[in-house]
Amino acid sequence: MLSENFKDLLDSFKDLSSLVDDINKDLEISNNEIDKTLDNVKVESENNTKGVVC
């Protein structure tokens with residue numbers, strides 16, 4: 001009985017760990033997309049300010 005409960009608990013932790021891994025992967029993808037967008041905005045901003053006399 002105790003052994004069975006421990007196995008269930010261990011399985012729950014494995015499921016939780018897998019879920020956390022999936023969330024981390026999603027966040028990494030989101031961060032990469034944000035970085036690319038910011039890079040594009042920076043390039044567009046630099047292109048738009050070329051030739052502007054301040």
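The values are calculated or read from the model by the stated rules, or taken from the named source; none is laboratory data. All figures in this text were calculated on a predicted structure; none of them were measured in a lab. Glycine gets a Cβ as well: all are built from the backbone with ideal geometry, and neighbour counts include every protein chain shown.
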Assess whether LYS42 counts as being at pLDDT below 95, part of a helix (DSSP H, G or I) and either exposed (fewer than 10 other Cβ atoms within 10 Å of the Cβ) or of a type in the set (Lys, Arg) (or both). yes
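Any idea which of ASN24, ASN5 is exposed (fewer than 10 other Cβ atoms within 10 Å of the Cβ), of a type in the set (S, T, N, Q) and in a helix (DSSP H, G or I)?
On the way: ASN24 fails: exposed (fewer than 10 other Cβ atoms within 10 Å of the Cβ).
Answer to the selection: ASN5.
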